[in-house]
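Worksheet: the structure to be examined is printed underneath.
The values are calculated or read from the model by the stated rules, or taken from the named source; none is laboratory data. Remember, predicted model here, so these are calculated numbers, not experimental data. Note that we place each Cβ from the backbone using ideal geometry, even for glycine, and neighbour counts take in every protein chain shown.
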Amino acid sequence: MPFFKDITDEAFAFFDTLPPDWQEAIVPVWDQYMEHSRVYILEEAGQICAGGIVFFGMPPEMDHFREEATRWVAKGYHYIGFVWVPENQRKKKYGSAWLLSLIQRNPEQGYWLTTEESALTEFYTRNQFRYIKTLRYRHCEEQLLVYIPAAHSEISVENDTL
């Protein structure tokens, strides 16, 4: 059975599992973010089965969507980034287990994330996230998804009153 744990102090063990372009995006700036972030993994039999980073403030690479990012950070929502399931661990529901474990760790916490891949939008909506809108900047397009905790269920996404 996989075990959910915080490996922020050993973050490079997770970073080493990431694709090279993701490593290039996070490793050089990690010192700037590590105080306001947590790296969580699912581990089974000594293997990382899934992982991701939760940012408590402004996440990296949000320059083009700074207004939207500022909005969610100001509301106290944490950003989920760099969610990754190693190739040899896919099709085992580890990504869903990682998200569920994160939510169970602090059920009152709201989360937001963006993704460029429509298949991942479906994955996140199956895992309690709501599609909010598509963010666009030049030729870049990302879907914004949010996990709204039950305590905030009266919030209306449609009326933009989050």
- Message: Looking only at residues that are outside any strand (DSSP E or B), polar (S, T, N, Q) and farther than 21 Å from Phe4 by Cβ in the range 106-148, which one is farthest from the chain's Cα centre (by Cα)?
- Response: Ser118
- Message: Looking only at residues that are in contact (Cβ under 8 Å) with a residue 24 or more places away in the chain and not aromatic (Phe, Trp, Tyr) in the range 20-31, which one is surrounded by the fewest Cβ atoms within 10 Å (Cβ to Cβ)?
- Response: Val29
- Looking at (1) on the phi > 0 side of the Ramachandran plot; (2) surrounded by 13 or more Cβ atoms within 10 Å (Cβ to Cβ), which is the one condition that is false for Ile80? (1)
- Lone unmet requirement of (1) more than 18 Å from Tyr79 (Cβ to Cβ); (2) part of a loop (DSSP other than H, G, I, E, B) for Pro28: (2)
- Item | Subset of the range 59-85 (residues that are over 11 Å from the mean Cα position of the chain (by Cα) and closer than 17 Å to Cys140 by Cβ) | Pro60, Glu61, Met62, Asp63, His64, Phe65, Arg66, Glu67, Glu68, Ala69
- Message: Can you tell me which residue is surrounded by the most Cβ atoms within 10 Å (Cβ to Cβ) among those in the range 1-19 that are part of a loop (DSSP other than H, G, I, E, B) and among the β-branched types (Val, Ile, Thr)?
- Response: Thr17
- Message: Taking the conditions exactly as written (of a type in the set (Val, Ile, Thr), touching a helix residue (DSSP H, G or I) at 6+ places or on another chain (Cβ under 7 Å), surrounded by 12 or more Cβ atoms within 10 Å (Cβ to Cβ) and not in a helix (DSSP H, G or I)), does Ile41 satisfy them or not?
- Response: yes
- Item | Members of the range 42-60 found to be closer than 10 Å to Phe82 by Cβ and at pLDDT below 95, listed by number | Pro59, Pro60
- Query: Between residues in the range 66-90 that are assigned to a loop (DSSP other than H, G, I, E, B) and residues that are surrounded by fewer than 21 Cβ atoms within 10 Å (Cβ to Cβ) and acidic (Asp, Glu), which pairs lie under 8 Å by C-beta distance while being six or more apart or on different chains?
  - Reply: none
- Note on the structure: The correct count of residues that are outside any loop (DSSP other than H, G, I, E, B) and of a type in the set (D, E, K, R) in the range 44-62 is 1
- Task: Go through the range 23-41 and count every residue that is aromatic (Phe, Trp, Tyr) and either at pLDDT 95 or above or touching a Ser or Thr at 6+ places or on another chain (Cβ under 8 Å) (or both).
- Result: 2
- Condition check for Tyr131: at pLDDT 95 or above and surrounded by 19 or more Cβ atoms within 10 Å (Cβ to Cβ): no
